């Protein structure tokens, strides 16, 4: 995947990003990868067992927030960095995905951005130029 | 609500800008700014956010913005608003993700010359003893969930009971370091998971511990009243409720979005989701928020003890020789039940302060005995290279702003712009030239937090002082800083 698969949206108090995808499933996968890239720089450890996550919500906006928050939770509560993912089932209110995780190592790995939360602030998920577009702002 | 701009404001005097009620606003907005500070917000959405807050049901008085205002989530940062407990609402967007993020100030009996040569070792040792950085974990304090719930129920008194600090500390914390309506049963397992290893840790971003000194006194009588003198060594601790608070906020934004629909609130921004204070959802949020606030009080209390132990270790003397008594601890992201005079009568309201600090005047019953004559001390940290301020609350602030003032300098550069600006600069060396020894968990944080990324806090403090919301007492300069 090219390095510029997302666009950072700048503001003094916020950090946001924009991603695109041909399908909503692809859009969500790309958003998660952008989120990983913004948050961490990790030395890849090779093969590791994927972990299953299931995220539910009331609508697609909430789904995006809950989905990205899940990776934040895994890091904050368990010290696990998500390195890759595959969405296995997608609907507007539910995602089942496999996530590849890596135990964060203070000596080698880097924390790039201290994200407190994924917000609804100016959150956008919609169609633009025949593509799905998502804009997400993070509380730092 | 259409986007509002500075053209919607009506200048009242040099420091006051009225945002007249319009559209669905239930009340006026009032912004405390001078022309310099107004320039900083002219391109963000914070004026619209002041109007959005004025739209919320049961708002009492005006929707206020302190001089360090800028765009936030839901409320603007620097936003203050009070709500009627019977007819009003509570909103997580009026508190923020870092529930009870706050600042505490310690004063030593030493003068700066007595520790100048120990600063490098103090900084190294503070960094070694206080877990810092994103996802930092406490190695020495293992809590099971049952014990963690006791922390959430009690706050700073739990920490003191466990040997972190002394009982006297509790007299110098807003609300005694404990919100008694906290209910740990309203906090999710996920939030508990995130908090379990993070009590007694600093975290990242703009959180810090700073060893500094009093470099300027503006009012000798007030300074002496709160135990400050020129060249005195001080310590500032700035942190909050860590991942636990962030999760509580996120959880209740989800719950209160449903509640907003249930109660038929027509909201201009999803982050302003809310519930009636007296509804089951509103009560639950307030109970969970208070639990997270108690976690933050305990967190700062534990770090205080770690600071005192580090001073003992480095200076090789007992703490009676250096003091480090707690001056005061203030919250700057909180919603609380307080009594204020509304239309000439005392009324209980729920005051939301989002990036704003309580600043109660002399003789107020909530101000500790020691400060009855001076007013409540308020700590306004600046960036890591320049200075911070100590102020006290005033009657005018009580009358005009529910006893509130600003909370900091506020960023002017995005994190990306700060990185770009700092390219080719050795931030640590440049700060050392300014007389500040800095150690951070990662270069990224240090670069993002360069002094140039922030407004000069003096500009903000000047406005609160001149507008009469708080009164300048002293200025502190940093000597050594640890950052997350």
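Those residues that are in contact (Cβ under 8 Å) with a residue 60 or more places away in the chain and within 13 Å of residue A:100 (Cβ to Cβ), I need them from the range A:41-58; list them, please. Walk me through how you get there before you give the answer.
The first filter runs over the range A:41-58 and keeps only residues in contact (Cβ under 8 Å) with a residue 60 or more places away in the chain, leaving A:41-43.
Correct list: A:42 only.
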- So, of the residues in the range B:411-452 that are in contact (Cβ under 8 Å) with a residue 60 or more places away in the chain and under 19 Å from residue B:122 (Cβ atoms), which turns out to be farthest from the other protein chains (Cβ to nearest Cβ)? B:437
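Identify all residues within the range B:117-134 that are in a helix (DSSP H, G or I) and within 14 Å of chain A (Cβ to nearest Cβ); write none if there are none. Reasoning before the result, please.
Of the range B:117-134, the ones in a helix (DSSP H, G or I) are B:117-129.
Correct list: B:127, B:128.
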- Item | Subset of the range B:263-276 (residues that are surrounded by fewer than 24 Cβ atoms within 10 Å (Cβ to Cβ) and either more than 7 Å from chain A (Cβ to nearest Cβ) or touching a strand residue (DSSP E or B) at 6+ places or on another chain (Cβ under 6 Å) (or both)) | B:263, B:264, B:265, B:266, B:267, B:268, B:269, B:276
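For every residue, the table says whether it meets (1) at pLDDT below 95; (2) in contact with a strand residue (DSSP E or B) (Cβ under 7 Å, 6 or more places away or on another chain); (3) on the phi > 0 side of the Ramachandran plot; (4) surrounded by fewer than 17 Cβ atoms within 10 Å (Cβ to Cβ).
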{"position": "B:13", "(1), (2), (3), (4)": "no, no, no, yes"}
{"position": "B:16", "(1), (2), (3), (4)": "no, yes, no, no"}
{"position": "B:24", "(1), (2), (3), (4)": "yes, no, no, yes"}
{"position": "B:33", "(1), (2), (3), (4)": "no, yes, no, no"}
{"position": "B:47", "(1), (2), (3), (4)": "no, yes, no, no"}
{"position": "B:67", "(1), (2), (3), (4)": "no, yes, no, no"}
{"position": "B:81", "(1), (2), (3), (4)": "no, yes, no, no"}
- Task: Would you confirm whether any residue within the range B:152-175 is free of Cβ contacts under 8 Å to residues at least 24 places away in the same chain and touching a strand residue (DSSP E or B) at 6+ places or on another chain (Cβ under 7 Å)?
- Result: no
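A quick yes/no check of all residues on (1) in a helix (DSSP H, G or I); (2) crowded, with 17+ Cβ neighbours inside 10 Å; (3) more than 10 Å from chain B (Cβ to nearest Cβ); (4) in contact with a helix residue (DSSP H, G or I) (Cβ under 7 Å, 6 or more places away or on another chain):
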position	(1), (2), (3), (4)
A:54	no, no, yes, no
A:68	yes, yes, yes, yes
A:76	yes, yes, no, yes
A:82	no, yes, yes, yes
A:101	no, yes, yes, yes
- Restricting to the range B:1-15, what's the tally of residues that are in a loop (DSSP other than H, G, I, E, B) and over 25 Å from residue A:11 (Cα atoms)? 2
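Hey, which of the helices (runs of 4 or more DSSP H) in the range B:172-262, taking only ones fully inside, have at least 3 residues that are within 10 Å of chain A (Cβ to nearest Cβ) and on the phi < 0 side of the Ramachandran plot?
Numbers: elements: B:189-196, B:220-225, B:242-262.
Passing ranges, in order: B:189-196, B:242-262.
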- Within the range A:3-15, considering residues that are within 15 Å of the chain's Cα centre (by Cα) and surrounded by 19 or more Cβ atoms within 10 Å (Cβ to Cβ), the one farthest from the other protein chains (Cβ to nearest Cβ): A:6
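Are any residues in the range A:19-34 under 11 Å from the mean Cα position of the chain (by Cα) and either assigned to a strand (DSSP E or B) or within 14 Å of chain B (Cβ to nearest Cβ) (or both), and if so, which ones?
Restricting attention to the range A:19-34, the residues satisfying the condition of being under 11 Å from the mean Cα position of the chain (by Cα) are A:19, A:27-34.
Matches in the range A:19-34: A:19 only.
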- Query: What tally of residues in the range B:323-368 results from selecting those that are in a strand (DSSP E or B), over 19 Å from residue B:464 (Cβ atoms) and over 18 Å from the mean Cα position of the chain (by Cα)?
  - Reply: 11
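Can you report the number of residues in the range B:384-410 which are in contact (Cβ under 8 Å) with a residue 60 or more places away in the chain and surrounded by fewer than 24 Cβ atoms within 10 Å (Cβ to Cβ)? Give the derivation first.
To start, the set of residues in the range B:384-410 that are in contact (Cβ under 8 Å) with a residue 60 or more places away in the chain comprises B:384-394, B:396-397, B:400-410.
Of the ones still in play, those that are also surrounded by fewer than 24 Cβ atoms within 10 Å (Cβ to Cβ) are B:385-387, B:396, B:400.
Qualifying residue count, the range B:384-410: 5.
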- Item | Checklist (1) closer than 27 Å to residue A:112 by Cα; (2) surrounded by fewer than 24 Cβ atoms within 10 Å (Cβ to Cβ); (3) modelled with pLDDT of 95 or more applied to residue B:191, failing item | (2)
- Query: When you go through (1) out of contact with any helix residue (DSSP H, G or I) (no Cβ under 6 Å at 6 or more places or on another chain); (2) over 17 Å from residue B:99 (Cβ atoms); (3) at pLDDT 95 or above one by one for residue B:238, which number turns out not to apply?
  - Reply: (2)
- Among the residues listed as A:137, A:90, the single one being within 14 Å of another protein chain (Cβ to nearest Cβ), assigned to a strand (DSSP E or B) and touching a residue at least 12 places away in the same chain (Cβ under 8 Å): A:137
- Note on the structure: (1) within 14 Å of chain B (Cβ to nearest Cβ); (2) surrounded by fewer than 21 Cβ atoms within 10 Å (Cβ to Cβ); (3) part of a helix (DSSP H, G or I); (4) without any contact (Cβ under 8 Å) to a residue 60 or more places away in the chain all hold for residue A:106 apart from (3)
- Item | Search result, residues across the range A:71-87 that are in contact (Cβ under 8 Å) with a residue 24 or more places away in the chain and under 13 Å from the mean Cα position of the chain (by Cα) | A:71, A:72, A:74, A:75, A:81, A:82, A:83, A:84, A:85, A:86, A:87
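Would the range A:29-51 turn up any residue that is within 17 Å of residue B:254 (Cα to Cα) and touching a helix residue (DSSP H, G or I) at 6+ places or on another chain (Cβ under 7 Å)? I'd like the intermediate steps shown before the answer.
Restricting attention to the range A:29-51, the residues satisfying the condition of being within 17 Å of residue B:254 (Cα to Cα) are none.
The answer is no; no qualifying residue exists.
The values are calculated or read from the model by the stated rules, or taken from the named source; none is laboratory data. What you see is a predicted model; the values in this text were computed from it and never measured. Please note: Cβ atoms are built from the backbone with ideal geometry, for glycine as well, and neighbour counts cover all protein chains shown.
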